[in-house]
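Everything on this sheet refers to the single structure shown next.
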Amino acid sequence: MGQRVRRLLAVLVSTRTTPLVADCALVTARAVLALLFIYHGGRRLFGWFGGIGLDASADYFAHTVGLRPGLLFALLSGVIELFGGIALAFGFFARLAGAAIFGDMMIAIVTVTWANGINATGGQAGYELNLALGVLALMIAFFGAGRFSVDALLERRLLRS
């Protein structure tokens, strides 16, 4: 096997990631999650983007999902999604936001999509998307926001003092 082929294989199977690549991956994950959760939180809380708003969300939580009081759970979910998404966008308390979004997605799986299976058909959503988004948010909770974030700026300032 030639030297070039071995180097290429070594790169493909490497378990080491350069810091710049890791930080770029974290920015990308944060941006995608931020977009999705700001969208869904805005729909739930304010009816933005053609959403149903807080009152209808509260009714759904109470009567369809069985989470009572519906207004409390709709508000909690909307706040986690909207403000968690904003926090991820800026990388501000990103570990906390990632953990909260993970919890929000696990509750969605347990209460709404679990009974439909992982990849439901016939118009019912399965839990595959909730699981993927939740685990991606959990990765941010584990790894933090990366150096391109408000968290990194705050950390540098706190360690300087």
Query raised in the report: Would you say Arg147 is more than 15 Å from Arg30 (Cβ to Cβ), of a type in the set (D, E, K, R), in a loop (DSSP other than H, G, I, E, B) and at pLDDT 95 or above?
Result: no
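Here is a yes/no grid of residues against (1) touching a residue at least 40 places away in the same chain (Cβ under 8 Å); (2) aliphatic (A, V, I, L, M):
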{"residue": "Gly42", "(1), (2)": "yes, no"}
{"residue": "Ser57", "(1), (2)": "no, no"}
{"residue": "Tyr60", "(1), (2)": "no, no"}
{"residue": "His63", "(1), (2)": "no, no"}
{"residue": "Val79", "(1), (2)": "no, yes"}
{"residue": "Ala94", "(1), (2)": "yes, yes"}
Query raised in the report: What number goes with the only condition from (1) in a helix (DSSP H, G or I); (2) more than 30 Å from Gly144 (Cβ to Cβ); (3) at pLDDT 95 or above that Arg68 does not pass?
Result: (1)
Report task. State whether the residues of the range 55-62 include one that is out of contact with any helix residue (DSSP H, G or I) (no Cβ under 6 Å at 6 or more places or on another chain), more than 24 Å from Phe142 (Cβ to Cβ) and aromatic (Phe, Trp, Tyr). Result -> yes
Query raised in the report: When you scan the range 116-143, how many residues do you find that are assigned to a loop (DSSP other than H, G, I, E, B) and surrounded by fewer than 17 Cβ atoms within 10 Å (Cβ to Cβ)?
Result: 9
Query raised in the report: For Gly146, are the conditions met, namely being over 28 Å from Ile52 (Cβ atoms), under 18 Å from the mean Cα position of the chain (by Cα), crowded, with 17+ Cβ neighbours inside 10 Å and in contact (Cβ under 8 Å) with a residue 12 or more places away in the chain?
Result: yes
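The values are calculated or read from the model by the stated rules, or taken from the named source; none is laboratory data. Given the structure is predicted, the values throughout are model-derived calculations rather than measurements. Because the Cβ atoms are built from the backbone with ideal geometry, glycine has one as well, and the counts that use them run over all protein chains shown.
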